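Some notes on the structure that comes next.
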């Protein structure tokens, strides 16, 4: 009887050890998660071939960065989308020491509209996926660039200020300065020049 109890105790101890190892192995498995840092909601300029590169961070279930893991960025093959630096719609990069990965060289294609960049990674048999939404847009054509318009406006303002100072010289200190409104209005949107409305 004593031998039977000893044998059952050994089997119970072995079973508990196997169960404990299985639980510890499961809890030691890293479950990756993808956090989008940049690029979600970006509007890409088709005419200038400029796009916001997607940037993500791969973290574990506790929020700690996971370095040196492969991250794949996949663009649509039809409709709005683009290509990466190598001219392909798919790029795989390794996350850096901070768990960050960048879809370098993203350029919009000629199709306007919204699209999704599918981002995937896997580690120890555990996978993670997320989508980054971007839009390709063709900006409205204007007669001049906003930089040119800003420079012209600044030069015009400086000339007006210089003229006001020059006209003010030679007057007595008791005179009053009168300013007149020229009607110039600066507002956001497509710039236009003309008389006041």
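The values are calculated or read from the model by the stated rules, or taken from the named source; none is laboratory data. Fair warning: this is a prediction, and the values are worked out from it, not measured in the lab. Because the Cβ atoms are built from the backbone with ideal geometry, glycine has one as well, and the counts that use them run over all protein chains shown.
Under 6 Å by Cβ, and 6 or more places apart or on different chains, what pairs join a residue from region 73-87 that is within 15 Å of residue 50 (Cα to Cα) with one that is part of a strand (DSSP E or B)?
Cβ pairs passing all conditions: 80/113; 80/115; 80/136; 81/115; 82/107; 82/108; 83/107; 84/91.
Tell me the residue from 118, 107 that is over 25 Å from residue 32 (Cβ atoms) and at pLDDT 90 or above, please.
107
Pairs needed: first member in region 105-121, touching a residue at least 12 places away in the same chain (Cβ under 8 Å) and on the phi > 0 side of the Ramachandran plot; second member anywhere, surrounded by 14 or more Cβ atoms within 10 Å (Cβ to Cβ) and outside any strand (DSSP E or B); C-beta distance under 8 Å; at least 6 residues apart or different chains.
Qualifying pairs under 8 Å: 105/53; 105/84; 113/80.
Collect the residues in region 122-137 that are modelled with pLDDT of 95 or more and either on the phi > 0 side of the Ramachandran plot or crowded, with 21+ Cβ neighbours inside 10 Å (or both), keeping them in residue-number order.
Passing the criteria: 132, 134, 136.
Tell me yes or no: at least one residue of region 151-158 is surrounded by 14 or more Cβ atoms within 10 Å (Cβ to Cβ), modelled with pLDDT of 95 or more and not in a strand (DSSP E or B).
Looking through region 151-158, none of the residues is surrounded by 14 or more Cβ atoms within 10 Å (Cβ to Cβ), modelled with pLDDT of 95 or more and not in a strand (DSSP E or B).
Can you pull out every residue in region 69-93 that is over 18 Å from the mean Cα position of the chain (by Cα), within 15 Å of residue 121 (Cα to Cα) and either outside any loop (DSSP other than H, G, I, E, B) or modelled with pLDDT under 95 (or both)?
70
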